[in-house]
Structure formats: C-alpha cells, structure tokens
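Structure, as structure tokens:
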Amino acid sequence: MSVEQDFSVFVRHPARGVAAMDLVVEGVHCGGCMTTIEKGLKAHRGVRSARVNLASKRVTVEWDEGAMKPGSIVERLDELGFPAWPFAPEAAGGAEANEERRLLRALGVAAFAMMNIMLLSVSVWSGDLSPATRDMFHWISALIALPAVAIAGRPFFDSALRAIRQGAFNMDVPISLGVLLALVLSVAQTLQHQQEAYFDSAVMLLMFLLAGRVLDQRMRRRTRDVATNLAAMRSETALRILESGDAVETPIAAIKPGDLVLVRPGERITVDGLVETGRSDIDQSLVTGETALGEATPGRAVFAGTMNMTGALRIRVDKAASGTLLDEVNHLLARAVEQRSRWVRLADRAARLYAPVVHVTALATFVGWLLAGLAWQPALVIAITVLIITCPCALGLAVPAVQVVCASAMFKRGVLLNSGEALERLAGVDTIIFDKTGTLTLPRAEIANLAQIDPRDLAHAGALAAASNHPLARVIALASGARAPSDAREAPGQGVEAWFDGDRMRLGSASFCEASEDQRAGAAQWPDASLIYFRHGERVVSFAIRQALRPDAREIVAGLAARGFAIEILSGDRVEAVAAVARELSIATYAAGLKPADKIARLEQLKAKGHRVLMVGDGLNDAPALAAAHVSLSPISASHLAQAHADAVFLGERLAPVAAALALADKARRLMLQNLWLSVAYNAIAVPIAISGHATPLVAALAMSGSSILVTLNALRARHARGFAP
C-alpha cells in the first residue's frame with residue numbers, strides 16, 4: 001500500500017465535493033504557530049479552510065475533493081516546519097505522553113543544572129572569593145550550563161528555528177535569543193575575568209518556562225482526556241440480527257438504519273435506535289450526564305456509548321456509523337476549544353505583534369546605552385534583560401488558558417460550547433427566555449387521551465409525527481410505531497402534512513390543521529396538557545400530551561431570579577398549558593401561541609431596550625429565535641437544526657447546566673480580564689525598569705517566568721464557580 005493510499009484512509013467527506021482530514025501537528029505552542037499553519041495551508045490551491053486546535057495540537061483541513069492528494073497537506077506542513085501525521089485516536093495518547101515526557105526530561109535537566117549553578121553563584125555574589133576561585137566557579141557553571149541548555153532548550157530552539165525559516169516570529173524566538181545571548185556574554189565575561197556571569201539566569205529562565213509549559217500541557221490534557229474517554233466508548237462492531245434470527249458480529253460501518261442489533265447485558269450500546277424487544281437498565285452518565293440508571297423498554301430511545309446493565313435488548317437502528325448522539329457530543333467538545341473568541345483572537349494578535357516589538361525594543365535599548373557612553377558589555381546585559389523580561393508568554397496565555405480550562409469545567413457540568421464567543425456572550429446576559437415544551441419540561445411525555453384516539457387516526461398521525469423533530473411529535477410517533485411517508489413536508493413552527501388516498505393529512509397547531517372553535521373547545525378538559533391536532537380530510541382529532549417539569553426546574557429558575565436575571569417564557573403552546581407552568585415556576589412574564597416570528601419580535605424589543613438575552617429552547621420552531629438571541633442554549637435532545645443555531649448544548653434532564661454555564665462564563669470573563677491586566681501591568685512596570693538598567697538577567701528570568709506561571713495558575717481557577725455544584 002502506498003503512502004497516498006494510507007492517507008486516503010483518514011480522509012472524510014463532511015459535505016458533497018469536500019474532503020477533510022484531521023492531522024496531529026508537532027511544535028504548536030502559541031498564537032503565532034497557529035497563524036503560520038492556517039495561513040500557510042490556506043495559501044495552498046484547493047484548500048477551503050484550516051483550523052488549528054491548540055488544546056489537542058491538531059489541525060482540521062478541508063479542501064475541494066480531487067483538487068489535491070492528501071499527502072500534499074502533510075508535505076506542506078513539513079515545509080512550514082511543523083511535522084504532521086494523520087490523527088488516529090489510538091495513537092494520540094502515545095504522542096501526547098511522549099511530548100509530556102520530553103518536556104519533563106528537559107525540566108529535570110534544567111532544574112538539576114539550576115540548583116548546582118545557583119550554589120556556585122551564591123558564593124560568587126558573596127564577594128569573598130579570590131579572582132582565580134571566582135573564574136573557576138564561572139567555568140564550572142559554564143560546564144554545567146552549556147550542555148544543560150542544549151538539552152533543556154530544545155523545545156524552544158526547535159520552535160524558534162521553524163518560525164525563522166518561515167520568516168515569522170513566535171514567542172520562542174525572543175526566549176531562544178535571550179538564552180543564547182546570555183550564554184555567549186557569560187562566556188565572554190568569564191574569558192575576560194569579569195565579576196559577573198549570567199549562566200544562572202539562562203538556566204533559570206528555561207526551568208521556569210518549562211515548568212509553565214508542563215503545567216499548560218497538563219491543563220489542556222484535561223479537556224483532551226474527556227474527548228478520549230468519549231472516543232473510547234465507540235465500538236467498531238455490533239451484533240446484527242439476520243432474517244434467520246442469527247446474530248452476526250458486523251463492522252459498525254456496515255450497519256444501516258432499520259437493521260436490528262442485539263445488545264447483551266454488560267455490553268456497550270453501539271448505535272442510536274429504539275428498543276424493539278427486551279427490558280434493561282441503562283447507564284448513560286457519560287453521554288447524557290445523568291448518574292441514575294435509565295429504564296430501557298420497548299419503544300424507548302437508546303444511544304451509542306451507553307452501557308446495557310441488566311437485560312438483553314433488540315434495538316432497531318436509527319443511526320450507527322455517523323450522526324449518533326455520541327458523535328454530536330464529540331463534535332461539540334472538539335469545537336469547545338477549536339474556535340477562538342474575540343478575546344482569544346485579540347490576545348493572539350497582540351502576542352504576534354509583540355514579538356517583533358520585543359526585538360526592536362531590545363535593539364533600541366542596546367544602541368541607546370552605547371550612545372549614552374556605556375561600554376558594549378553592560379549595554380548588552382541591559383538589552384538581554386529587556387529581551388527576557390518583555391517576552392509575551394503571559395499575554396499569549398492570558399485568554400486561551402482560561403477558555404480551555406472553562407470549556408473542560410463546563411463539560412463536567414454538562415455543557416458543550418458550540419461557539420468560540422459563547423463564553424463572552426454568556427457573561428453579559430441579564431435576561432433569560434425559556435421555551436416550555438422540551439426545555440422547561442422533559443422531552444419525554446405521554447398522550448393523556450390515548451384511550452380516546454381511534455387506532456387508525458393514531459397510525460396516520462404517527463406516520464406524520466415520524467417526519468418531525470419536534471419533541472411532542474416524537475411522542476405520537478413512538479406510540480404508533482409508524483414510519484414517515486416519503487412525501488411528508490414540515491412547515492417550520494406549524495406542523496407536518498402529507499397526502500393519503502387523495503386526502504390531505506396534517507399534524508400540528510390548531511390553525512395549521514384548521515380546527516374549528518368547537519373542535520378546539522373540546523380540548524378544555526386537558527388544561528395542563530399541550531395539544532397537537534390531526535386533520536384527515538374533514539376529520540379533526542386532538543392529542544393531549546402531558547409533560548412533567550425537569551426535576552430541578554423550580555430550584556434553578558428561583559436561583560436565577562435571585563441572582564437578578566429577568567426570566568420569561570415564550571412558547572408556541574396554548575395559553576392554558578403555558579400559564580400552568582409559569583404559575584408552578586413563579587414566572588410572571590410569559591406568552592403563548594407564538595410563531596417563530598413572534599419570538600424574534602420579542603427578542604428585538606428586549607434588544608432595543610438594551611437587554612442581553614439568553615434564549616433556551618429546542619425544536620424546529622425555536623431555531624430562528626436561538627439564532628436571533630444574544631446567546632443561546634439548547635438541550636441535547638433538541639433537533640439538529642436547533643443545535644446548529646445554539647451557542648451551547650447542555651446534557652441530561654436537569655436545568656442545572658444552564659445555571660452552571662452562566663456562573664462559569666461570568667467567572668471566566670473576570671479571569672480573562674484579570675489575566676490581560678496582569679500581563680499589561682507586568683510589562684508596564686517591568687519594561688521601564690529593564691530599560692533603565694535596574695534589573696539583571698536573573699531578575700528578568702524570574703519576573704517573566706513568574707508572570708507566565710501566575711497567569712496559568714489564575715486560569716485554573718475557572719474550574720470552580722461558587723454557588724453551583726458540579
């Protein structure tokens with residue numbers, strides 16, 4: 001098999017005429033690296049997009065199918081100075097472990113060298129040594145420092161060389177230049193029997209930077225580990241039941257919708273589908289966030305990645321190789337740290353511009369002191385100090401570090417970010433609008449008047465319902481077990497229609513089904529239920545669907561109101577059903593019977609008054625409002641269209657993730673601003689001190705490394721938000 005054939009195995013096709021591949025890339029450490037890769041790949045003919053995920057050190061490349069060979073992408077990355085290979089989940093862990101071991105080895109060498117050099121330096125600083133002894137100590141320090149820097153500095157030197165070869169600057173360039181100049185000057189000082197040498201500064205700088213990089217690596221791995229755990233839940237085979245009744249182990253790629261699969265007790269479910277026969281308890285904690293075992297009975301939906309605990313199940317497949325709930329969770333988790341927000345982009349641009357400014361400042365300082373009459377060696381010491389102390393590492397880490405930690409913390413609380421700017425927008429919310437059906441209430445429901453429905457009406461209505469993504473429609477579809485007609489057409493926010501034996505059938509709202517006043521009045525006996533109407537010819541039937549509130553809805557809504565959020569309900573359901581939920585949750589402002597345009601109009605009213613609205617909803621009719629809101633959340637049970645328009649998705653049957661998302665976003669914004677101000681304040685204080693010659697390279701190394709570690713440690717505080725349990 002050729003190299004190109006090997007690469008073709010990793011190519012996927014996200015859209016017609018588009019090819020894509022995920023690659024693991026070495027040496028990506030900062031915004032400058034990301035920009036070099038993305039710009040370099042986009043310049044390649046045929047490439048549509050290139051997105052670097054700094055957390056997982058992966059790049060996703062999309063190109064016009066047939067425009068190039070997959071191997072040319074790898075070759076282009078190699079030309080840019082970033083060796084790459086196709087991403088394979090089973091190999092990713094080993095590559096990350098190797099990178100961490102490499103950093104730890106370098107850190108160990110730097111720490112060992114620094115401790116020994118510092119012992120010698122303390123004696124030199126005492127001033128009680130003879131010149132000969134002092135020179136000997138300097139030479140011993142050189143013998144320790146030179147090989148130590150050669151080993152411990154590799155992560156920085158390799159990255160700097162790659163950047164320079166591409167005519168770019170990243171944060172490792174001033175680091176490498178400062179370390180090497182400090183070593184060269186120290187050797188020159190020792191040869192000239194000078195009092196000062198700066199071997200301790202060079203090694204200490206590397207040690208602190210490596211400590212920060214190891215910390216950053218482990219911080220990012222927290223998010224990657226979650227994705228790895230989810231990927232491990234995917235199985236490559238399933239037991240497909242043949243027409244003969246035999247169960248045959250079949251590759252998951254060969255399983256098609258409509259197939260029947262067998263899942264035995266203790267096995268992980270490998271597909272999304274409906275239970276056809278059997279009863280069991282399901283552990284779905286890693287997928288939906290619910291720790292309690294769920295009951296799997298005929299007609300109930302089950303999802304890939306969940307664990308079958310007690311009984312054998314026969315499952316009719318809905319989705320298998322792709323498009324499963326597990327795929328959705330993995331996709332959203334990857335986007336949580338792949339997309340960059342406005343603050344991240346701002347910090348990246350500042351860090352990229354800052355690197356050349358650092359070099360110009362250091363050079364200007366050197367020339368300025370020479371013109372002021374200082375000898376070249378002291379002037380160079382000051383320039384090196386400026387070069388080290390102004391390194392933009394803290395600025396580059398200020399925002400991305402918080403975003404990565406917060407994305408991981410949100411996932412642990414059941415929230416998956418779908419937009420890079422969701423954190424910023426969530427932090428500014430002052431008004432929360434909830435949809436009722438499937439949002440404040442559970443997506444599971446029952447037909448309260450099922451005994452009064454003619455089986456033929458149930459079958460026909462169920463067929464139409466099977467063509468809809470609305471959570472109430474799914475209740476009718478499950479109750480009937482019918483399949484969707486091929487000519488079914490859904491009118492967003494209204495209902496579904498099709499033709500049967502020359503007659504038009506409709507399922508949806510009262511107006512969509514043209515129900516008369518008498519037919520609507522007949523539903524008064526179900527004041528707390530949502531009504532879906534079915535028309536077949538001249539016959540109109542109403543389905544009364546009753547849903548329970550989410551288990552913690554009262555507690556969460558009350559807590560959000562206590563925090564000062566204005567809360568409303570906007571629903572397409574009838575007034576009686578919405579009013580009952582509003583009373584139970586003590587929500588004073590609500591509106592019912594709304595069309596998608598009505599919800600958008602209310603959002604525009606609030607926006608005109610200066611309010612920033614969080615819209616929480618699901619279903620096809622909520623998609624326009626989710627897109628129009630300042631920021632939006634959608635439950636994982638929502639339709640795909642709703643999720644596509646939502647900025648974040650929450651897991652499980654509770655509303656707690658909504659409150660947790662708001663609390664974490666608020667804390668993340670404070671930490672991002674703190675980190676940015678820390679970086680600005682550090683440079684505002686440190687740079688003038690360094691330029692004026694009142695700092696040494698050793699002090700510069702301590703200050704610069706300390707600022708980077710401080711920013712990273714501050715970012716780790718994003719894991720916790722007071723008042724909300726994990």
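The values are calculated or read from the model by the stated rules, or taken from the named source; none is laboratory data. Just so we're clear, the structure is a prediction, and the values are computed from it rather than from any experiment. Counting neighbours? That spans all protein chains shown, and the Cβs are built from the backbone with ideal geometry, glycine included.
Only strands (runs of 3 or more DSSP E) wholly contained in the range 418-507 count here; list those with 2 or more residues that are among the aromatic types (Phe, Trp, Tyr) and either touching a strand residue (DSSP E or B) at 6+ places or on another chain (Cβ under 9 Å) or in the same structural domain as GLY537 (by TED's automatic domain parsing) (or both). Break it down stepwise before answering.
Numbers: elements: 431-434, 441-447, 489-491, 495-500.
Output list reads 495-500.
Among the residues of the range 520-571, what is the count of those that are part of a strand (DSSP E or B) and among the small types (Gly, Ala, Ser)? Working first, answer last.
The initial filter retains those residues of the range 520-571 that are part of a strand (DSSP E or B), namely 530-536, 539-549, 566-570.
Retained after the next criterion (residues that are among the small types (Gly, Ala, Ser)): 530, 542, 544, 548, 566.
The qualifying residues number 5.
Among the numbered criteria (1) aliphatic (A, V, I, L, M); (2) outside any helix (DSSP H, G or I); (3) without any contact (Cβ under 8 Å) to a residue 40 or more places away in the chain, which one does ILE685 miss?
The failed condition is (2).
Please verify whether HIS460 is surrounded by 14 or more Cβ atoms within 10 Å (Cβ to Cβ) and within 37 Å of the chain's Cα centre (by Cα), treating the condition exactly as stated.
Details: surrounded by 14 or more Cβ atoms within 10 Å (Cβ to Cβ): yes; within 37 Å of the chain's Cα centre (by Cα): no.
No.
Identify all residues within the range 144-153 that are in a helix (DSSP H, G or I), out of contact with any Asp or Glu (no Cβ under 9 Å at 6 or more places or on another chain) and either buried (at least 17 other Cβ atoms within 10 Å of the Cβ) or touching a residue at least 24 places away in the same chain (Cβ under 8 Å) (or both); write none if there are none.
At the first step, the residues of the range 144-153 found to be in a helix (DSSP H, G or I) are 144-152.
The next check asks that each one be out of contact with any Asp or Glu (no Cβ under 9 Å at 6 or more places or on another chain); those that pass are 144, 146-152.
ILE144, LEU146, ALA148, VAL149, ILE151, ALA152, listed by residue number.
Please determine whether any residue of the range 632-644 is out of contact with any His (no Cβ under 8 Å at 6 or more places or on another chain), modelled with pLDDT of 85 or more and not assigned by TED's automatic domain parsing to the domain that holds SER530.
yes
Being of a type in the set (S, T, N, Q) and assigned to a loop (DSSP other than H, G, I, E, B) is the filter; apply it to the range 154-196 and report the residue that is surrounded by the most Cβ atoms within 10 Å (Cβ to Cβ). If you could, list the steps in order and put the result at the bottom.
Start the filter on the range 154-196 by keeping residues that are of a type in the set (S, T, N, Q), which leaves 159, 166, 170, 176, 186, 189-190, 192, 194-195.
Adding the requirement that they be assigned to a loop (DSSP other than H, G, I, E, B) leaves 166, 170, 192, 194-195.
Working: GLN166: 17, ASN170: 29, GLN192: 9, GLN194: 16, GLN195: 11.
Out of the qualifying residues, it is ASN170.
Could you tell me which of the residues VAL61, VAL74 is surrounded by fewer than 23 Cβ atoms within 10 Å (Cβ to Cβ), at pLDDT 80 or above and closer than 30 Å to LEU103 by Cα? Spell out the reasoning first.
On the way: VAL61 fails: surrounded by fewer than 23 Cβ atoms within 10 Å (Cβ to Cβ).
Being surrounded by fewer than 23 Cβ atoms within 10 Å (Cβ to Cβ), at pLDDT 80 or above and closer than 30 Å to LEU103 by Cα holds for just one of VAL61, VAL74, which is VAL74.
Consider the range 133-153. How many of its residues are more than 40 Å from the chain's Cα centre (by Cα) and of a type in the set (Gly, Ala, Ser)?
Step one: list which residues in the range 133-153 are more than 40 Å from the chain's Cα centre (by Cα), which gives 133-147.
Next, from what is left, pick out any that are of a type in the set (Gly, Ala, Ser): 141-142, 145.
The total comes to 3.
Report yes if ILE447 is under 30 Å from GLY564 (Cβ atoms) and β-branched (Val, Ile, Thr), otherwise no.
Judged against the criteria, ILE447 is not a match.
State yes or no: is SER141 surrounded by fewer than 22 Cβ atoms within 10 Å (Cβ to Cβ) and either more than 24 Å from LEU710 (Cα to Cα) or at pLDDT below 85 (or both)?
Working: surrounded by fewer than 22 Cβ atoms within 10 Å (Cβ to Cβ): no; either more than 24 Å from LEU710 (Cα to Cα) or at pLDDT below 85 (or both): yes.
Judged against the criteria, SER141 is not a match.
Restricting attention to the range 107-140, report how many residues are closer than 18 Å to GLN189 by Cβ and not in a helix (DSSP H, G or I).
So the answer is 3.
Could you check the range 295-412 for helices (runs of 4 or more DSSP H) lying wholly inside it with 1 or more residues that are at pLDDT 65 or above and surrounded by fewer than 24 Cβ atoms within 10 Å (Cβ to Cβ)?
325-338, 342-371, 376-389, 400-412
Find all pairs meeting these conditions: Cβ atoms under 6 angstrom apart; at least six residues apart or on different chains; first residue within the range 554-580 and closer than 12 Å to ILE433 by Cα; second residue hydroxyl-bearing (Ser, Thr, Tyr).
Qualifying pairs under 6 Å: ALA566/THR431; GLU568/THR589; ILE569/TYR590.
Look at the range 25-43 and say how many of its residues are touching a strand residue (DSSP E or B) at 6+ places or on another chain (Cβ under 9 Å), at pLDDT below 80 and either surrounded by 22 or more Cβ atoms within 10 Å (Cβ to Cβ) or part of a loop (DSSP other than H, G, I, E, B) (or both).
4
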